[in-house]
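Here the structure comes first, spelled out in structure tokens, and everything after it is commentary.
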Amino acid sequence: MKNRRYHQGEEQALWSLFYNSVHKVNSKDYSQAQIEAWAPSEWDMPQWKNRLRRTNPFVAEENGQLLGFAELEHNGHIDCFYCAHNWQRKGVGSALLNAIEANASKQGIARLYAEASITAKGFFESKGFSIEGEQTVSLREVQFTNYAVSKHISS
């Protein structure tokens, strides 16, 4: 498995990975209405392409297959951290987080933080993130529970 930055032209594949991850993995912790608000069947592909070009996410791949992706913002915020539904618990998330931490250290970022889903909370805890609190957020007029998590790293 290798980690690299996103390549233009991978937008549809990354959307499918995101969509399937939410619908097949997060669905164990969230209602159907929440899942559909989070990853709707009808999606604005031009907006998604613009987002990926702007955020330039890390991508995990093996033999040309995209296994996961994650975004790191300049302030240490981790967003869109997803592993393919059929690659859960196979080291993809760990590899992506290692890439994020290495990049954050190079940028002088001392603290990483994210909003972890119920599903991802245990992963982030196992990687040394502290749970700062449970929160309720709204997306497309649907409320969700997630967790503010953070970790101090060496820069």
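Values in this text are rule-based calculations from the coordinates and carry no lab data. The structure presented is a predicted model; accordingly, all values stated were derived computationally and were not measured. When we count neighbours, we look across all protein chains shown, and the Cβ atoms used for this are built from the backbone with ideal geometry, even at glycine.
Remarks
- Neighbour-count order for 72, 66, 97, fewest beta carbons within 10 angstrom listed first: 66, 97, 72
- Ranking of 147, 82 by neighbouring Cβ atoms within 10 Å, starting from the fewest: 147, 82.
- The GluC sites (Glu not before Pro) of segment 118-155 that meet both conditions, a loop assignment by DSSP and at most 14 other Cβ atoms within 10 Å of the site Cβ, are 141.
- Kirkwood estimate for the chain, i.e. one over the average of 1/r between Cα atoms, Å: 15.9 Å
- One decimal place: the segment residue 53-residue 36 gains 3.7 nm when fully extended, by the rule 0.36 nm per residue minus the C-alpha distance.
- Of the GluC sites (Glu not before Pro) found in segment 1-94, those in coil by DSSP whose Cβ has at most 15 other Cβ atoms within 10 Å are 42, 73.
- A simple charge model with +1 on the Cβ of Lys and Arg, -1 on the Cβ of Asp and Glu and nothing else charged puts the dipole of the chain at about 500 debye relative to its Cα centre.
- Cβ-based exposure ranking for 27, 154, 21, in which fewest neighbours within 10 Å come first: 154, 27, 21
- Label-point separation, residue 111 to residue 138 (7 Å along Cα→Cβ), nm: 2.7 nm
- Mean Cα-pair separation over length for the chain, i.e. relative contact order, pairs under 8 Å, 6 or more apart, %: 23 percent
- Working from label points 7 Å from Cα in the Cα-to-Cβ sense, the residue 20 to residue 152 distance is 4.1 nm.
- Qualifying trypsin sites (Lys or Arg not before Pro) in segment 75-150, where qualification requires a DSSP coil assignment and no more than 14 other C-beta atoms within 10 Å, comprise 89, 140.
- Dividing the mean sequence gap of close Cα pairs (under 8 Å, 6+ apart) by how many residues segment 66-149 holds gives a relative contact order of 24 percent.
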